[in-house]
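Student: Here you go, one structure.
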There are 2 protein chains.
Amino acid sequence: VLSAVMTKPITEDIDVLVLLPHNNTYLFSYDRVSPAIFYAQRALEADGGPYSGFRFNIHFEKSDCVNDALFALVDGSCRQKPDLILGPVCEYEAAALVRLASHWNIPVVSAGALAAGFRSKSGEYAQLTRIAPSYLKMAETFTAMFEHLHWKSALLLYEDDKQERNCYFTLEGVYHQMSDYHVRLYTFFQEDRLDTDDVLQNIQDAEAVIMCMGADKIREIMLAAHRRGLTSGNCLFFNIELFNASSYGNGSWKRGDKYDNDARQAYASLSTVTLLRTVKPEFENFSKEMRRSSEKAGLLHCDDCGSVNMFVEGFHDAMLLYAIALHEAMKNGYNKKNGTEITAHMWNRTFEGVAGQVSMDVNGDRNGDFSLMAMTNVEAGTYEAVANYFGANGTFQLLPAFNAERFTLTGRHKEPVDI
Amino acid sequence: VLSAVMTKPITEDIDVLVLLPHNNTYLFSYDRVSPAIFYAQRALEADGGPYSGFRFNIHFEKSDCVNDALFALVDGSCRQKPDLILGPVCEYEAAALVRLASHWNIPVVSAGALAAGFRSKSGEYAQLTRIAPSYLKMAETFTAMFEHLHWKSALLLYEDDKQERNCYFTLEGVYHQMSDYHVRLYTFFQEDRLDTDDVLQNIQDAEAVIMCMGADKIREIMLAAHRRGLTSGNCLFFNIELFNASSYGNGSWKRGDKYDNDARQAYASLSTVTLLRTVKPEFENFSKEMRRSSEKAGLLHCDDCGSVNMFVEGFHDAMLLYAIALHEAMKNGYNKKNGTEITAHMWNRTFEGVAGQVSMDVNGDRNGDFSLMAMTNVEAGTYEAVANYFGANGTFQLLPAFNAERFTLTGRHKEPVDI
């Protein structure tokens, strides 16, 4: 009898409020992410597993990257407060929602809310767990690389859209992380004409230029820098491309115009920091099903819909992580309404996510692995990963394709730059 | 019978949620402002008046200048949403609250929320009425003065406390308002040492320096400028002192230290923009009662507790304005739950406030009157109003004490400034 009690799964009904935009221009839209959440739900509720006693009542509400998430939570909460909130992703919307959720002691797990401000978990963001690597985690790649290659200074160059401000928040993370280096910021606004002369003037005394902006603007700057001789080892150029959002450069030089040849040569000095995706065999099944769901939702027109992005994977793993934490908390005698306890169980642990191991730091933020991509064949204009950064242990690993010469400031003091 | 019906006052119960901090370091604390709200309530509910049928159920909740106001509204609203919200004052707290109140169609009247961002009433701040002149209204004083005196350039110099950021928002208003002039910004952080050399270097090519910071920092800068000969007509100095908050300079040069004499001479070049307070005879009674309430609350230790500040007056007048608007809306057949209609009746109108006429612009923001104070007796070191700005009609009026020479950049091109 005792044994039967021991093996009987813990049962609980869990109200989940998921806050995602309906607009499919977002990589984390309802159509893209909801199949991953249902996939995780099926796996968790499947017979025989340790979480098969959990019943997830998943309720979706629209997020609009402004105030809808907060309004959805508030308007729905007079009936019954949710036990778990997934999302929202956008920074400003998440800030408002997480404050109220923390006030109500409701765990929030998001694959967004990546800005540096959310790392302060002692007060208003106490209930926030970040299941995708934040901008600060990404920025560790730069400090590891700078330390390894003995660089000292950088210019952070970004386009501010004044709306969701992904590029602002991305380089804000780099700025905070690189506080021991000589770092300057250069902003321009999306609606303004890009003054490449002024940009290049500002590049002068920086060893590295770290950029976040649309792909066309990246190309414009690289072409201008190439014309001024800044791409011959005078300066190292980086762009950041975390999840293929349109605000990020995609590293591609090719446009089929008369500048392609120059651009290819210019991009030989441009390296891209991107997520390192390690994938285990079981991932293939998940990936296939996500592709099928995208097809059904009519999403396959866009370039990157076939692939599982960081948000899709993240919100899937959010369900697993919550189930693990709730299960532990309940075994210890706590109930689902004790958000503080459940959130604590999600932090400082490693678990098997759908694509591989997921490592959460003591502060409830996922450690990230990143790759540095560089052009390894200038004739063909093709890119390869030349280095990896592993966030869980902080190692910077050079790959065989890494060419030390390519990352040395050779031209710096030889020829004065004529602008 | 018809006549009896016509003169019978409109009756209604009105739930008012007032959001004020308990901490008396705020000029808009519960102890300071609540007596003014009760004073207005008594006047409105008094027999025989047009609003004597209104019964105000006033409920106070704590505001902490962070998130408390939002939480108070949300937590209380499952029972019954308020009909009117007064406050909060602090910018960030007001932003969150007004968004939700606008979503729920509840009028908010505040003597705060003075930042430029709140002027956009088409979306998330639709229900906000500002009963005290905003920073943009104050900034009109500078554009009127610059136009009148043919100045072209200014340096905006402020101390950022990174918390409530009154000085940041104050000069943000000036920056927006002066977009047709050559204006630069210089920030320093409250916790950092003030580098007066660097400040003065930046003053060089500006005709006017407009400052917002603590009184001691103002004095430090004026003394440094005086030592470098910048106070002899090379440059005009202004500070802004709207409500005597400790973050604002109080224009006083005297400290009883060995620099008093230099400071007095330096302050001969410093003018202060402040609220112009016109007071009608009936105000005396209100003022006396506020003083009595302050005494009862044990507030008379502090310097400015005896006087009625902008917040105390504003929240009093907020009750009057709402009563007028609700009365009109109800006469037109609307009920108290139609926030949009009531808010519309509060905008674009002039009414008799406790201290004098109050003029609300079409956007629901109060027009402001401001004075320019300058030292008129350098031997005695005493100040007088030398000019007034009237917001309702945009006139800039020179007073007899205005000394044109004092506001002419005489030294500017005569002697090079040696720094």
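Each value in this text was obtained by applying a stated rule to the coordinates, not by laboratory testing. Everything numeric here is computed off the predicted structure, so don't read it as measured data. Glycine also receives a Cβ, built like all others from the backbone with ideal geometry; neighbour counts cover every protein chain displayed.
Student: Mind listing which GluC sites (Glu not before Pro) in region B:112-195 are in a DSSP loop and have 12 or fewer other Cβ atoms within 10 Å?
Tutor: Listed in order of number, the matching sites are B:Glu191.
Student: I would also like to ask the following. Could you compute the net charge surrounding A:Asn202? Neighbours are other residues with a C-beta less than 13 Å from the C-beta of A:Asn202; K and R count +1, D and E count -1.
Tutor: -2
Student: What are the trypsin sites (Lys or Arg not before Pro) within region B:18-98 that DSSP puts in a loop, where the Cβ has at most 14 other Cβ atoms within 10 Å?
Tutor: B:Arg79
Student: In region B:92-223, if the dipole is taken from +1 on Lys/Arg beta carbons and -1 on Asp/Glu beta carbons about the Cα centre, which of B:Ile221, B:Val109, B:Tyr186 is farthest to the positive end?
Tutor: B:Val109
Student: Please list, or write none, the lysines whose alpha carbon is within less than 20 Å of the alpha carbon of B:Lys254, excluding same-chain residues fewer than 8 places away.
Tutor: B:Lys217
Student: Still on this structure, please answer the following. If you count the DSSP beta bridges with both ends in chain A, what percent of them are antiparallel, to the nearest 5?
Tutor: DSSP beta bridges in chain A are roughly 35 percent antiparallel.
Student: If R₀ is 51 angstrom, what is the calculated FRET efficiency for the pair A:Arg55 and A:Ala392, using the beta carbon separation as r and rounding to 0.05?
Tutor: Efficiency computed from Cβ-Cβ geometry: 0.95.
Student: Tell me which trypsin sites (Lys or Arg not before Pro) from region A:328-419 have a DSSP coil assignment and no more than 16 other beta carbons within 10 Å of their own.
Tutor: A:Lys337, A:Arg412, A:Lys414
Student: Take every Cα pair under 8 Å in chain A that's 6+ residues apart, average their separations, divide by the length, and report that relative contact order as a whole percent.
Tutor: 17 percent
Student: If you don't mind, there's one more thing I want to ask. Whose amide H sits under 5 Å from the amide H of A:Leu276, counting only residues 5 or more places off or on another chain, with H placed in the peptide plane?
Tutor: Under 5 Å from the amide H of A:Leu276 lie the amide H atoms of A:Asp369, A:Phe370, A:Ser371, each far enough along the sequence or on another chain.
Student: Next question. How large is the charge dipole for region B:70-222, taken about the Cα centre, if only the Cβ atoms of Lys, Arg (+1) and Asp, Glu (-1) carry charge, to the nearest 20 debye?
Tutor: Roughly 780 debye for region B:70-222.
Student: Could you pull out every residue, at least 5 positions away or on a different chain, whose amide H is within less than 5 Å of the one on A:Phe54? Hs are placed 1.01 Å off N in the peptide plane, and Pro or chain starts have none.
Tutor: Those qualifying (amide H under 5 Å, at least 5 residues apart or on another chain) are A:Glu12.
Student: For chain B, which DSSP H helices look membrane-span-like by this rule: Cα extent along the axis of 15 Å or more and mean Kyte-Doolittle of at least 0.0?
Tutor: TM-like helix candidates: B:91-103, B:135-149, B:310-331.
Student: Shortest first, in nm, what separates the label point of B:Ser307 from those of the same position in the other copies (7 Å along Cα→Cβ)?
Tutor: Sorted ascending, the copy-to-copy spacings read 6.4 nm.
Student: Explain nothing, just compute: Karplus ³J(HN,Hα) = 6.51 cos²θ - 1.76 cosθ + 1.60, θ = phi - 60°, for every residue of region A:77-88 in order, whole Hz, x for Gly and Pro.
Tutor: So the J values, rounded to whole Hz, are 7, 5, 6, 7, 6, x, 8, 8, 10, 10, x, x.
Student: Give me the percent relative contact order of region B:261-397, please, defined on Cα pairs under 8 angstrom at least 6 residues apart.
Tutor: For region B:261-397, the relative contact order is 28 percent.
Student: Defining the label point at 7 Å along Cα→Cβ, can you sort the distances from B:Thr25 to the same site in each other copy, shortest first, in nm?
Tutor: Output for B:Thr25: 4.5 nm, nearest copy listed first.
Student: Reachable aspartates and glutamates from A:Lys81, Cα under 20 Å, same-chain residues fewer than 8 places away excluded?
Tutor: A:Glu12, A:Asp13, A:Asp15, A:Glu61, A:Asp68, A:Glu93, A:Glu124, A:Glu341, B:Asp68, B:Asp75
Student: Name the chain A residue nearest the rotation axis between A and B, going by Cβ position, and give the distance in whole Å.
Tutor: A:Cys78, 2
Student: Next up: Once the label point is set 7 Å along the Cα-to-beta-carbon vector, what list of distances in nm do you get between B:Ser52 and its counterparts in the other copies?
Tutor: Nearest first, the other copies' label points are 7.7 nm away.
Student: Which order do the peptides B:307-317, A:310-320 take when ranked by the mean count of other beta-carbon atoms within 10 Å per residue, highest first?
Tutor: A:310-320, B:307-317
Student: Please state the charge dipole magnitude for the protein assembly as shown, taken about the Cα centre, from unit charges on C-beta atoms (+1 on K and R, -1 on D and E), reported in debye and rounded to the nearest 20.
Tutor: 920 debye
Student: In addition: Kirkwood-based Rg over Rh for chain B (C-alpha set), two decimals?
Tutor: Answer for chain B: 1.01.
Student: Could you point to the residue in B:Tyr51, B:Ala69, B:Leu19 farthest towards the positive end of region B:6-74's charge dipole, with +1 and -1 charges on the Cβ of Lys/Arg and Asp/Glu respectively?
Tutor: So the residue we want is B:Tyr51.
Student: While we're here: Using a 10 angstrom cutoff on alpha carbons, build the Gaussian network for chain B and name the most mobile of B:Ser271, B:Ser371, B:Ser52.
Tutor: Result: B:Ser52 has the largest fluctuation of those listed.
Student: Out of the DSSP beta bridges found with both residues in the protein assembly as shown, what percent are antiparallel (nearest 5)?
Tutor: Antiparallel bridges: around 35 percent, rounded to the nearest 5.
Student: Picking from B:Ser122, B:Ser287, B:Ser359, which is most flexible by a Gaussian network model of chain B using Cα springs under 10 Å?
Tutor: In the Gaussian network model the winner is B:Ser122.
Student: At a Förster distance of 35 Å, what's the computed FRET efficiency of A:His176 paired with A:Val378, Cβ-Cβ distance as r, to 0.05?
Tutor: Computed FRET efficiency for A:His176 and A:Val378 comes out at 0.55.
Student: Name the residues whose placed amide hydrogens come within less than 5 Å of the amide hydrogen of B:Leu185, ignoring near sequence neighbours (fewer than 5 apart) on the same chain.
Tutor: Distant-sequence amide H within range of B:Leu185: B:Leu156.
Student: How about B:Lys280: which aspartates and glutamates have a C-alpha closer than 18 Å to its C-alpha, ignoring those fewer than 8 places off in the same chain?
Tutor: B:Glu289, B:Glu313, B:Asp317, B:Glu352, B:Asp369
Student: Roughly how big is chain A's charge dipole about its Cα centre, with Cβ charges of +1 (Lys, Arg) and -1 (Asp, Glu), in debye to the nearest 20?
Tutor: Dipole of chain A, to the nearest 20 debye: 700 debye.
Student: As an exercise, use a Förster radius of 35 Å and the Cβ-Cβ distance of A:Leu185 and B:Leu409 to find the FRET efficiency, rounded to the nearest 0.05.
Tutor: After rounding to 0.05, the efficiency reads 0.55.
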